[in-house]
Amino acid sequence: MKSSKKKLLIGFGIAFVALLSGCSFNQAPDQDKVSSPPPEQKGKNALPIPPLLEDKNPADDVAEFYLKAQKSTKSFLDGVETESYGYNGDYLGPVIQVQKGEQVKVHIKNELGDEETTVHWHGLEVPGSADGGPHNAIKPNEIFSPSFTITQPAATLWYHPHPLHKTGEQVYKGLAGLFYIEDEVSNRLNIPKSYGENDFPIVIQDRNLREDGQLSYDLNMMSLMHGMHGDTPLVNGVFDPYLEVPQGKVRLRLLNGSNARIFQLKLSKDNHFWQIASDGGFLEKPVKMDQIVLGPAERAEMIVDFSQYKQGDKVQLFDQDVRLMNFIIGTPEKEKFEIPDQLTTIEKINPPSGTVTRTFAFQGMGNSVNINGKQMDMNRIDEEVQLNATEIWEITNIDNGMMGGMGMPHPFHPHGVQFQILERNGKEPPENEQGWKDTILLMPGDKVKTIATFKKDGVFMYHCHILEHEDAGMMGQFEVN
Ligand code: C2O
Ligand code: CU
Ligand code: CU
């Protein structure tokens, strides 16, 4: 038993290295310090559904929330308390749900003890002053209360800390949560939308638990180079959980919340899913898929149809060969849903003549990762963008592998804006990348052409979303005004 589990976990390690670099597994992370959940813990725990954060403001078009970044402990391994961080809880955070048009205020208290933190709204189009980047540091025991108006369509976004050089560690210990925007489209569509009943948040991460059961965030050459990977997959903070789902259509809001791992997700039994939304909202039409690749920070909303199964049947979600979680088919769904032919309409941004084009080259390795030859400097603005300008940004992952061919993937993410993809490696992007995006995965050698209109002012970051690369300096700043 033990050895087959061990094999499974080692497979997990090898598989990602192969996916990452296409070369052999002599770079697999240090396996022996890892103490993963024992086999008897597999499939034993229910998937936790985080609470929806309560809106404390009675006014109709105003929402007011309270978040606390705190230290805690959580039991990832039976009988072991692991030190962790969480928002209003022991690990991860509540789901914040807002409506388009709402005025939102969030009071964030830093109770982490002696370190600074920030809360960044990943994918949200808000001014730089409310964005929660490294300039918005909250000192220990202080409160930061950004407010902003929701001006973008329905989407599954997320929030996480962004302190300079410490993002990786704080996210790793548990600071992250989902942020839902709803609007007239999401409210009208006949798709599953009952939170925790047929519409589920699914945050997928990988972690390393040390021999003593503690989360280890030790940067070594390996983790600095490839980003922090772990051999224990977690969904909503739990190892190999199960979820009882209605016998019918179910909506999964997937977030790759890992620091560095790329997930290649598929269902067992040759099941497929329909992707209905990408990072920034609904696709125009559902895209039927057998599997989806999600880079760090990317999201996808999926509809899965479980109506062909009997009560008690199991369907599993895998990352390549590694089981992440189990769906157990329950009682028939109460409402009937469709896979709509049309979800929304997305106006294609056409490059106006004279459009400014900027290029961003991702390169370097380890401590020297950089964009356009520069590393993050808080006192330097790298790009000046005019308010309301439409620009083309060309991002290239320069394959800088040693001995030919071994490069690093880099997921690119700009703050405060949703973009469209014009081209991926010279071609039209795949169907599920034709909607709004805020993060895009570039494998070694990839070149992507994006277009966006910059509607919010202030100072924003753009960076690689492998958090160890970001912390090492693979980040720059643009100012919109
Ligand atoms: Cu997910 Cu700079 O952020
Ligand atoms: Cu972001
Ligand atoms: Cu990177």
Can you list residues whose amide H is under 5 Å from Phe200's amide H, if they're 5+ apart or on another chain and H is modeled 1.01 Å from N? Arg251, Leu252, Arg253
For region 356-480, the Kirkwood Rh over every pair of distinct alpha carbons, in Å, works out to 14.7 Å
When only alpha-carbon atoms are used, what values of Rg and Dmax, in angstrom, describe region 143-244? 17.4, 50
In what order do His226, His162 fall by count of nearby beta-carbon atoms within 10 Å, going from fewest to most? His226, His162
Tell me the GluC sites (Glu not before Pro) within region 307-378 that lie in a loop according to DSSP and have at most 16 other beta-carbon atoms within 10 Å. Glu335, Glu338, Glu347
Length-normalised contact order for the chain - Cα pairs under 8 Å, 6+ apart - percent: 15 percent
At 222 nm, what helix-only mean residue ellipticity would the chain give, in deg cm²/dmol to the nearest 500, using -39500 (n - 2.57) for each DSSP H run of four or more? -2500 deg cm²/dmol
Give the residue list of trypsin sites (Lys or Arg not before Pro) in region 289-397 that are DSSP loop and have at most 16 other beta-carbon atoms within 10 angstrom. Lys310, Lys334, Lys336, Lys348, Arg380
Return the Cα extents of region 239-343 along principal axes one, two and three, sorted largest first, each rounded to a whole Å. 37, 34, 20
What does the charge count around Val171 come to, taking other residues whose C-beta lies under 14 Å from its C-beta (Lys +1, Arg +1, Asp -1, Glu -1)? -2
Jot down the per residue volume, in cubic angstrom and as a whole number, of the convex hull over the alpha-carbon atoms of region 253-306. 73 Å³
Roughly how many whole Å is it from the C-alpha centroid of region 326-403 to that of region 95-125? 21 Å
Kirkwood Rh (inverse of mean 1/r, distinct Cα pairs), the chain, angstrom: 22.6 Å
Under the Karplus curve 6.51 cos²θ - 1.76 cosθ + 1.60, θ = phi - 60°, whole-Hz ³J(HN,Hα) for region 188-200, x wherever Gly or Pro sits: 8, 4, 8, 10, x, 8, 8, 4, x, 10, 9, 10, 10
Which order results if Ser368, Ser186, Ser129 are arranged by neighbouring Cβ count within 10 Å, fewest first? Ser368, Ser129, Ser186
Among Lys249/Lys449; Lys74/Lys193; Lys139/Lys456; Lys100/Lys348; Lys44/Lys68; Lys74/Lys288, the pairs whose Cα-Cα distance exceeds 32 Å are Lys249/Lys449; Lys74/Lys288
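We did not get these values from a lab; they are worked out from the coordinates using the rules stated. Fair warning: this is a prediction, and the values are worked out from it, not measured in the lab. Positions of Cβ are backbone-derived with ideal geometry, glycine not excepted, and every protein chain shown enters the neighbour counts.
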